[in-house]
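Q: Got a structure here, written out as structure tokens. Questions coming.
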Amino acid sequence: MCAYIVDYSGDWAHVDGVVDATYVDVAANTDTGVKVRMGNLTTGDVQGAVFAIAPGDVPFTVWIATLSTATIEINGQLTVAGVSYTVVGILATVPDGSQTRIVCRRER
């Protein structure tokens, strides 16, 4: 982990578009009140991904400090505003470990 002068783990409180979600990892550990922000896929996301991204896949930023028992991992389940998504890939984690950018596929 890298030491930063500023603690980014709670900056979700100052970012527009952050909502509460429920996350369940593959071991069925469940966290509610997880702070996430839906984003848009960028060219860098698509070019840098080491997994297949399909049309309609959605990236989310997850604030790791808002997880208490679950671990972000492939095939985890994220529910945002009643819509369920499956984690298909992890794009990046910021060096201080406060945020992870994931790609999810909406469940049908």
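Derivation of every value follows stated rules applied to the coordinates shown; laboratory data play no part. None of these values were measured; they are calculated from a predicted model. Cβ atoms come from the backbone with ideal geometry, glycine included; neighbour counts cover every protein chain shown.
Q: No solvent, one uniform scatterer per C-alpha: report log10 I(q)/I(0) for the chain via the Debye equation at q = 0.11, 0.12 1/Å, two decimals.
A: For the chain, the Cα-only Debye profile gives -0.32, -0.38.
Q: Please identify every one of the chymotrypsin sites (Phe, Trp or Tyr not before Pro) in segment 11-82 that sits in a loop by DSSP and has no more than 16 other beta carbons within 10 Å of its own beta carbon. The partial results should precede the final answer.
A: Values: sites: 12, 23, 51, 60, 63; in loops: 51.
Answer by residue number: 51.
Q: Which of the peptides 82-94, 37-49 is most tightly packed, and how do the rest follow, going by the mean number of other Cβ atoms within 10 Å of each residue?
A: Numbers: 82-94: 16.4, 37-49: 12.8.
Sorting 82-94, 37-49 by mean packing, highest first, produces 82-94, 37-49.
Q: Quick one: 3J(HN,Hα) in Hz for segment 18-31, Karplus 6.51/-1.76/1.60 with θ = phi - 60°, rounded, Gly and Pro as x.
A: Listing the rounded values in order: 7, 10, 7, 9, 10, 10, 10, 7, 5, 8, 6, 6, 10, 10 Hz.
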